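Undergrad: Got a structure here, written out as structure tokens. Questions coming.
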Amino acid sequence: MCSCNFRDKLTCSQKVNSNIHDGTMLKIKAFKEYTNAWLEKVINYSKKKQMLQYVNFVDCMASSGLYFNKNRNEFYDGTAIRVLEIFVKSARKYSNIQFSIYLNDIDKQYVKCLNCIKKREKLKFPNNLNINISNKDKYDFISTIKYKNSFNKYTSKSLIIYDPYEVEFEWTKLVPILQLNADLLITHFFPNDIKRNINTKNEKVVKRYESAYEININEMKSIFESKKNAFDRNVYFRNTLHENLKKYSRKKFIAYAPIILEKKLHVYDIVCVSHSSFAQELLKNTMYKLYKETESKSQIKNYYQPKLFDDDEEDMYQKDRGSGVSEYKFHYDDSHIVSMFYNEFSGERLSKEDFDKRLREHPYLPSNILKLVKKTCKYQIENKEVNGKIEKYYIFPERGF
Ligand SMILES: C[S@@+](CC[C@H](N)C(=O)[O-])C[C@H]1O[C@@H](n2cnc3c(N)ncnc32)[C@H](O)[C@@H]1O
């Protein structure tokens, strides 16, 4: 087994992953919050119909489960530990459901760390919780998932995380998870990654990019150069990846939320792929909530390291998203969110059902938007009898709203 003491700064800290920065910490919190919300949603949704037997969580590249932050000289719980805690609670509460967690990583030491965490936590595990740890290349691991019994049943719900260090998408090898009946969270590592690598001569890197975006590198370079600013470039690469995700997953809903540090450095997107608009709704709501909490604790500011990489100037593109709106403001700033709401809904009269659906499928507006809107705008609620039932309508006036 492992020759270290769990969470010991002399031994354990040398074995766990120490490649951790502000963006990683925020991403891990996002994965945890999303998993929590997702679990609640799938259990509550299926409970009424008595149709949930299996709940699966997969991290195709789970790392060591626990991290050591050298800058702050402290341990930081990774996604694996956080999800494990959530699943233990749910498995205790819902003893009629079989819960499974699959954690894979190519790094032998990280897998030892995962096994160590499992061993330490094992006493807490209820009988209806399985933890499966493997040490495979991601694509080999992915090719085995569909053979696992609990994934293919209509009584199962699965959440899969695909979180590589780089832009790494060999589509045909990803098809087994993309086309599984599961929701997926994927990190799309950009935009500064693309900027750094666009002129590379390294064949492996060229291959990775050509494979992800399905464009020849020379064409990619000329597209990159033809875009007038960093934001336009990112929209292009983001949309190209999303098109490929749609094509290979055959799933309708592709949503994204940017991970942004100190309100200006966009490190990557978390992308959600699902058959259901609920998964997309969960992502935007989770990220909005997380940013509000993080802002109020000023954590981003304290942890921020100005440069992630040594060689290149990072693109901040604070003002490029039309009329000077930064990417942060666009997604997470309340005043901007309310003004987007105004543009979208002013002059409309909608039944509650239609309003909820429009909001759920909207790419950016969080679903608790009416709480925000109430503070600044006036709208009316009308109760109308339709076929003997009282239906609620929202009226958003064109002016004075
Ligand atoms: C970004 S980290 C994953 C972090 C993890 N999902 C979390 O939230 O804590 C990427 C991981 O991919 C692993 N990795 C790199 N190449 C891999 C491969 N070919 N197959 C499987 N894992 C790989 C690395 O060892 C690293 O732990």
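The values are calculated or read from the model by the stated rules, or taken from the named source; none is laboratory data. Bear in mind that the values here come from a model prediction, so they are computed numbers and not experimental data. Cβ coordinates were reconstructed from backbone atoms using ideal geometry, including for glycine residues, and neighbour counts include every protein chain displayed. To get the accessible areas, we keep the full protein, side chains included, count just its heavy atoms, and leave off ligands, DNA and RNA. Shrake-Rupley method; radii C 1.70, N 1.55, O 1.52, S 1.80 Å.
Undergrad: Just to be sure, is residue 283 touching a strand residue (DSSP E or B) at 6+ places or on another chain (Cβ under 9 Å), assigned to a helix (DSSP H, G or I) and over 14 Å from residue 366 (Cβ atoms)?
TA: No.
Undergrad: Taking the stated definitions as given, is residue 228 modelled with pLDDT under 95, assigned by TED's automatic domain parsing to the domain that holds residue 29 and touching a Ser or Thr at 6+ places or on another chain (Cβ under 8 Å)? Show your work before the answer.
TA: Values: modelled with pLDDT under 95: yes; assigned by TED's automatic domain parsing to the domain that holds residue 29: yes; touching a Ser or Thr at 6+ places or on another chain (Cβ under 8 Å): no.
No.
Undergrad: Restricted to region 92-106, and to residues that are within 15 Å of the ligand (Cβ to nearest atom) and not in a strand (DSSP E or B), which residue is farthest from the chain's Cα centre (by Cα)?
TA: The initial filter retains those residues of region 92-106 that are within 15 Å of the ligand (Cβ to nearest atom), namely 101-106.
Cutting the leftovers down to not in a strand (DSSP E or B) gives us 105-106.
On the way: 105: 19, 106: 22 Å.
Applying the filter and picking the extreme gives 106.
Undergrad: One residue is enough: does region 58-74 have a residue meeting the conditions away from the ligand (no atom under 16 Å from the Cβ) and either among the basic types (Lys, Arg) or touching an Asp or Glu at 6+ places or on another chain (Cβ under 7 Å) (or both)?
TA: So far as region 58-74 goes, yes, one or more of its residues are away from the ligand (no atom under 16 Å from the Cβ) and either among the basic types (Lys, Arg) or touching an Asp or Glu at 6+ places or on another chain (Cβ under 7 Å) (or both).
Undergrad: Only one of these is among the charged types (D, E, K, R) and modelled with pLDDT of 95 or more: 9, 47. Name it.
TA: Just a single option satisfies the conditions, and that option is 9.
Undergrad: A further question follows. May I ask you to list the residues in region 340-396 that are under 23 Å from the mean Cα position of the chain (by Cα) and assigned to a loop (DSSP other than H, G, I, E, B)?
TA: Taking region 340-396 and keeping what is under 23 Å from the mean Cα position of the chain (by Cα), we get 340, 356-369.
Residues satisfying the conditions are 362, 363, 364, 365, 366, 367, 368.
Undergrad: Shifting gears a bit: Could you give every pair whose Cβ atoms fall below 9 Å, whose first residue belongs to region 130-141 and is under 12 Å from residue 102 (Cβ atoms) and open to solvent by 50 Å² or more (accessible area, probe 1.4 Å), and whose second residue is part of a loop (DSSP other than H, G, I, E, B) and within 7 Å of the ligand (Cβ to nearest atom), counting only separations of at least 6 or pairs across chains?
TA: Listed by first residue and then by second, the contacts come to 136/105; 136/106.
Undergrad: Go through 39, 52, 26 for me and flag whichever is modelled with pLDDT under 95 and in contact with a helix residue (DSSP H, G or I) (Cβ under 6 Å, 6 or more places away or on another chain).
TA: Checking each option against the conditions leaves just 52.
Undergrad: Here's a follow-up. If you take the residues in region 316-362 that are among the basic types (Lys, Arg), at pLDDT 90 or above and in contact with an Asp or Glu (Cβ under 9 Å, 6 or more places away or on another chain), which one is farthest from residue 292 (Cα to Cα)? Before you say what the answer is, go through the steps one by one.
TA: Our first condition is that a residue be among the basic types (Lys, Arg); within region 316-362, this holds for 319, 321, 329, 349, 352, 357-358, 360.
From what's left, at pLDDT 90 or above: 349, 352, 357-358, 360.
Keeping just the survivors that are in contact with an Asp or Glu (Cβ under 9 Å, 6 or more places away or on another chain) gives 349, 352, 358, 360.
Details: 349: 30, 352: 26, 358: 23, 360: 20 Å.
In this case the residue turns out to be 349.
Undergrad: Please go through region 146-168 and give me each residue that is open to solvent by less than 10 Å² (accessible area, probe 1.4 Å) and of a type in the set (Phe, Trp, Tyr), ordered by number.
TA: Selection gives 151, 162.
Undergrad: Which pairs have Cβ atoms under 8 Å, sit 6 or more apart or on different chains, and link a residue in region 24-43 that is of a type in the set (Phe, Trp, Tyr) to one that is more than 16 Å from the ligand (Cβ to nearest atom) and open to solvent by less than 30 Å² (accessible area, probe 1.4 Å)?
TA: Close Cβ pairs (under 8 Å, with a partner that is more than 16 Å from the ligand (Cβ to nearest atom) and open to solvent by less than 30 Å² (accessible area, probe 1.4 Å)) amount to 34/282; 38/279; 38/282.
Undergrad: Applying the selection to region 233-265, what residues are touching a His at 6+ places or on another chain (Cβ under 8 Å), surrounded by 16 or more Cβ atoms within 10 Å (Cβ to Cβ), not in a helix (DSSP H, G or I) and not β-branched (Val, Ile, Thr)?
TA: The answer is 251, 253, 256, 257, 258.
Undergrad: Could you give me the residue pairs with C-beta distances under 8 Å whose first residue belongs to region 92-110 and is free of Cβ contacts under 8 Å to residues at least 60 places away in the same chain, whose second residue is acidic (Asp, Glu) wherever it lies, and which are 6+ apart or on separate chains?
TA: 102/59; 103/59; 104/59; 106/137
Undergrad: A follow-up question, please. Residue 89 passes all but one of (1) open to solvent by 20 Å² or more (accessible area, probe 1.4 Å); (2) part of a loop (DSSP other than H, G, I, E, B); which number fails?
TA: (2)
Undergrad: Any chance region 150-171 includes a residue that's more than 22 Å from residue 209 (Cα to Cα), within 14 Å of the ligand (Cβ to nearest atom) and in contact with a Ser or Thr (Cβ under 7 Å, 6 or more places away or on another chain)?
TA: Within region 150-171, one or more residues are more than 22 Å from residue 209 (Cα to Cα), within 14 Å of the ligand (Cβ to nearest atom) and in contact with a Ser or Thr (Cβ under 7 Å, 6 or more places away or on another chain).
Undergrad: Something else about it: Can you confirm whether residue 111 is among the hydrophobic types (A, V, I, L, M, F, W, C), more than 12 Å from the ligand (Cβ to nearest atom) and under 30 Å from residue 171 (Cα atoms)?
TA: no
Undergrad: Mind counting the residues in region 169-186 that are at pLDDT 95 or above and either outside the structural domain of residue 39 (by TED's automatic domain parsing) or open to solvent by 70 Å² or more (accessible area, probe 1.4 Å) (or both)?
TA: Residues that pass the stated criteria total 3.
Undergrad: Scan region 8-22 and give yes if some residue there is within 17 Å of the chain's Cα centre (by Cα), closer than 18 Å to residue 121 by Cβ and either within 9 Å of the ligand (Cβ to nearest atom) or open to solvent by less than 20 Å² (accessible area, probe 1.4 Å) (or both), otherwise no.
TA: no
Undergrad: Among the residues of region 79-89, is any more than 28 Å from residue 9 (Cα to Cα) and at pLDDT 95 or above?
TA: yes
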